[in-house]
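Below: the structure, in structure tokens.
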Amino acid sequence: MCGVAGIINYKSCEKKERLLSSMCSYIHHRGPDATGTYSKGPAGLAHTRLRIIDLHGGDQPIHNEDRSIWIIFNGEIFNYPELRKRLISRGHRFYTETDTEVLVHMFEDYGTGLFEHLNGQFAFALWDQNREELLLGRDRMGIRPLFYFIKNSRLVFASEIKALFADKKIPRQIDPQNLSEIFTCWSTYDGATVFKNIFQVPPGHYAQFSKKGLKIRQYWELPFGKASNREYPKRPLSEWSEELNQLLVDATLIRLRADVPVGAYLSGGLDSTYTSALIKKNSSNKLCTFSVGFTDKRFDESFFQNMAVDYLGTDHKAITCSYQDIGAIFPKVIWHTETPLIRTAPAPLMLLSRLVRENDFKVVLTGEGADEIFAGYNIFKEDKVRRFWAKDPGSRLRPLLLQKLYPYIFSQKKGKAVKVLELFFQKGMQDLSSPVYSHMLRWGNSSHMKGFFSPDLQKQISDLDNFITRYIQTLPEGFMCRDSLSRAQYIESRIFLSNYLLSSQGDRMAMANSVEGRYPFLDHRVVEFAAELPPDIRMNGMTEKYILKKAARGLMPPRLINRVKQPYRAPISQAFLGDTHHDYVHELLSEKAIKENGYFDHIKTNNLLKKCKQQKGTLLSERENMALVGILSTQLLDFHFIKKIPREEGV
Amino acid sequence: MEQPKNKIRSFIVENFLFGEENDLTDDTSFLNEGIIDSTGVLELIEFLEEEFEIEIDDDDMIPENLDSLNNLDKFLKKIIITS
């Protein structure tokens, strides 16, 4: 795992070495083991390396036989041994044992057709010296990041935005519209970032940059959104689950390929226990596992984590995370996420990756992605319940399913206010024909956080309807031909998985401590298999991840399979206010700081703080908790990236 | 003495609108306008019960009683008279 950075300038022959070196210093954490550069003609490439495969050779950039093609690469190609054999039989000569070198020869043979052969998680830049053309490629699901800035005939790219900002010529400004979208659906989507004119290569896309300009093309589409005229195949459940299990065995085992030990996270849920069980059963790996628990028992899953450890017999290390820990590490979290957050859940994962690193591990497998791919989230059930209820809006029984779905909301008042709560879920219930029906309630609720924006910022943004209209225009052709569950999974995966979850909880929190995450559930074969399954096999009635649960039987304790899914969450307001104290929170949320930055209304922000303090940080409303994190993280983002960069990290 | 409706208005403005009074008329639906979210409903009921020393029956917790300042005002008058 590594960091990449580069400059391509067709217009003038700028000296690039010093800037490349500065860019590398900003992403040193991604690759502390070695650095390397290439500079010739219009191109300058730089690489920071975390040695995982071919520890003694393989420092980058890497080139082909005649040194006309150069690559810097972040990530893994898990099927590289198979590809390498094929390339050798076609006459290619290798000078390293790396997966990276496979890519230069694949490019020689297949050009931009190489992507369909790759099974991996990657972001790379490949420079064709003879043609003077750059190819930027990103994996299908967007596991590894790749950002760029382009002006005239000059393109600067890097694994993280902070490295782009090492270039003082690149303006640093938060884009009001993109900030507004983050306060609606938690993330920007596709190529946008929160920063004006800073873009990313979208998942499943590649970009070509030549003297003619920049072209971006899609090579893979999330299969849940693809139009399909054929009916779902009819097969017995046992056949589906057997096939899935075989696929997951392979997806897991190829993710153990490394010249360093590979560990695993254990969350106490189905997904990570499943992949850990597959490792124990199918490999000689003496598995080490890692987990995070909470002092606040509402969020703690250590009981189930220990159950998994006892069953699997792994060498286990755990940490317990307090309110204070989350508040203390949060500034560093934002330095790494490079985007405002709505929740604090990434923070404990940074503590967890630190634990991994302290135990001399560089690579971990995690269960990330299973909830999107096999329909594990409540939003999928909520969509189903609301559709079912909409068919008979007067029914007294149908809305009772909501209580099963959100017991923690409905139980607080022992059944009181149920009717009014039901009305909340009834909002927009009749808009069944909207392609984004599943997400309208969530987006509508989140977008009320925009009420905290300053009047000046409010003038620069569009409303929720406009956002929805624009988003619908980007949906693939034939989207409405898919069933409602697949549509909801598509929206969730496209917006939330890549841009929010995989970046803020995946790549960034692990790489902050020089740890590489690997995700068996995001093997594209698994994703494509899941999208081919009849929807009622993904979610059966109100049972989420039905097929996965079936496939897991016999591999782990039934209690871990059948337990009600607990969403992974972390404490919010109590981490910042109440019994904990952090100077930066008070400074960044002060009237002076809020006014100076101009993103938020200082009176409303102050009232939110007052309300929070009155109740010792135990704010009642989810929306207010989200607003608090949103405001604080935006202020931190401004502090890190607008005011203080270039500089050392930390507040 | 401050009118119940004004007390509730102040509570809503302070707790859910954080000082933004402009969008709240006597007939504004809290749920339709998204002023109150799913947990905010509970906060409102707690406030009503403590502030006016009443207990609201489950059967009374319907939008017709709770979903705007006018509805709340009418509902409170009815409760306070009958209790």
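Meeting the requirement of 3 or more residues that are surrounded by fewer than 24 Cβ atoms within 10 Å (Cβ to Cβ) and within 14 Å of another protein chain (Cβ to nearest Cβ), the helices (runs of 4 or more DSSP H) wholly within the stretch A:428-529 are A:437-447.
Remark: pairs (first residue in the stretch A:603-614, at the interface with chain B (Cβ under 10 Å from one of its Cβ atoms); second residue acidic (Asp, Glu) and surrounded by fewer than 13 Cβ atoms within 10 Å (Cβ to Cβ); Cβ separation under 9 Å; 6+ apart in sequence or on different chains) = A:603/A:591; A:605/A:591; A:606/A:591. Of all residues in the stretch A:550-595, those satisfying the criterion of being of a type in the set (A, V, I, L, M, F, W, C), in a loop (DSSP other than H, G, I, E, B) and closer than 30 Å to residue A:279 by Cα are A:555, A:564, A:570. Restricting the stretch A:370-412 to residues that are surrounded by fewer than 17 Cβ atoms within 10 Å (Cβ to Cβ), of a type in the set (D, E, K, R) and away from chain B (no Cβ under 14 Å) leaves a set whose member that is nearest to residue A:269 (Cα to Cα) is A:404. Applying the set (1) closer than 30 Å to residue B:57 by Cα; (2) in a loop (DSSP other than H, G, I, E, B); (3) touching a residue at least 12 places away in the same chain (Cβ under 8 Å) to residue A:395 leaves exactly one unmet item: (3). Checking each residue in the stretch A:12-44 for being in contact with a strand residue (DSSP E or B) (Cβ under 6 Å, 6 or more places away or on another chain) and in a loop (DSSP other than H, G, I, E, B) picks out A:16, A:27, A:31, A:33, A:42. Between B:15, B:65, the distinction of being modelled with pLDDT of 85 or more, farther than 27 Å from residue A:612 by Cα and within 11 Å of chain A (Cβ to nearest Cβ) belongs to B:65 only. Determine whether residue B:47 is within 12 Å of chain A (Cβ to nearest Cβ) and crowded, with 19+ Cβ neighbours inside 10 Å. Criteria not met by residue B:47.
Within the stretch A:149-163, the set of residues being buried (at least 24 other Cβ atoms within 10 Å of the Cβ), out of contact with any Gly (no Cβ under 6 Å at 6 or more places or on another chain) and not β-branched (Val, Ile, Thr) comprises A:158, A:160, A:163.
Quick check on the stretch A:1-22. Is at least one of its residues hydroxyl-bearing (Ser, Thr, Tyr) and buried (at least 21 other Cβ atoms within 10 Å of the Cβ)? No, the stretch A:1-22 contains no residue that is hydroxyl-bearing (Ser, Thr, Tyr) and buried (at least 21 other Cβ atoms within 10 Å of the Cβ). Could you say whether any residue in the stretch A:227-238 is closer than 20 Å to residue A:120 by Cβ and among the hydrophobic types (A, V, I, L, M, F, W, C)? The answer is no; no qualifying residue exists.
Here is a list: A:121, A:129. Which entry is surrounded by fewer than 20 Cβ atoms within 10 Å (Cβ to Cβ) and either among the charged types (D, E, K, R) or assigned by TED's automatic domain parsing to the domain that holds residue A:83 (or both)?
When all the criteria are applied, what remains is A:129.
Among the residues of the stretch A:254-270, those that are of a type in the set (A, V, I, L, M) and within 25 Å of residue A:304 (Cβ to Cβ) comprise A:256, A:262, A:264, A:266, A:270. Number of residues in the stretch A:38-66 that are buried (at least 23 other Cβ atoms within 10 Å of the Cβ) and farther than 30 Å from residue A:167 by Cα: the value is 0. On inspection, residue A:179 fails the criterion of being surrounded by fewer than 19 Cβ atoms within 10 Å (Cβ to Cβ), more than 16 Å from residue A:142 (Cα to Cα) and not charged (D, E, K, R). Within the stretch A:67-81, the residues that satisfy the criterion of being within 20 Å of residue A:253 (Cα to Cα) and buried (at least 22 other Cβ atoms within 10 Å of the Cβ) are A:75, A:76, A:77, A:78, A:80.
The values are calculated or read from the model by the stated rules, or taken from the named source; none is laboratory data. Predicted, not measured: the structure shown is a model, and the values here were computed from it. Heads up, the Cβs are rebuilt from the backbone with ideal geometry, glycines too, and the neighbour counts pull from every protein chain shown.
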